[in-house]
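The structure appears below as structure tokens.
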């Protein structure tokens with residue numbers, strides 16, 4: 001009986017740990033994106049941001065232009081190496 005309870009506890013705990021790990025990675029990706037946007041000197045780092053006149057930046061954004069600044073705007077742009085460096089620098093939080 002004890003074995004079954006332990007097995008059930010492990011089955012329940014594993015998906016919870018995986019979900020927490022995914023959320024942690026997603027949060028780190030968001031922080032990396034926020035830091036990248038904050039480091040850009042203008043107000044059109046990413047296509048989804050608003051220009052000073054209130055219009056969407058779109059293709060005028062630094063992200064959409066070749067050369068110069070290359071801000072990180074989307075979670076897909078964040079590499080595993082960036083996450084590793086972030087965790088090393090900030091302790092994973």
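Restricting to region 44-60, name every residue that is assigned to a loop (DSSP other than H, G, I, E, B) and free of Cβ contacts under 8 Å to residues at least 12 places away in the same chain. Matches in region 44-60: 51, 52, 53, 54, 55. The set of residues in region 61-92 that are without any contact (Cβ under 8 Å) to a residue 60 or more places away in the chain, assigned to a loop (DSSP other than H, G, I, E, B) and loosely packed, with under 14 Cβ neighbours inside 10 Å comprises 64, 65, 66, 67, 68, 74, 79, 91.
When you check residue 41 against the structure, is it at pLDDT 50 or above, assigned to a loop (DSSP other than H, G, I, E, B) and farther than 22 Å from residue 88 by Cβ, yes or no? The answer is yes for residue 41.
Might you check whether a residue that is outside any loop (DSSP other than H, G, I, E, B) and modelled with pLDDT of 95 or more occurs anywhere in region 5-13? No: region 5-13 contains no residue that is outside any loop (DSSP other than H, G, I, E, B) and modelled with pLDDT of 95 or more.
The values are calculated or read from the model by the stated rules, or taken from the named source; none is laboratory data. Predicted model, so just to flag it, every value in this text is computed and none were measured. Note that we place each Cβ from the backbone using ideal geometry, even for glycine, and neighbour counts take in every protein chain shown.
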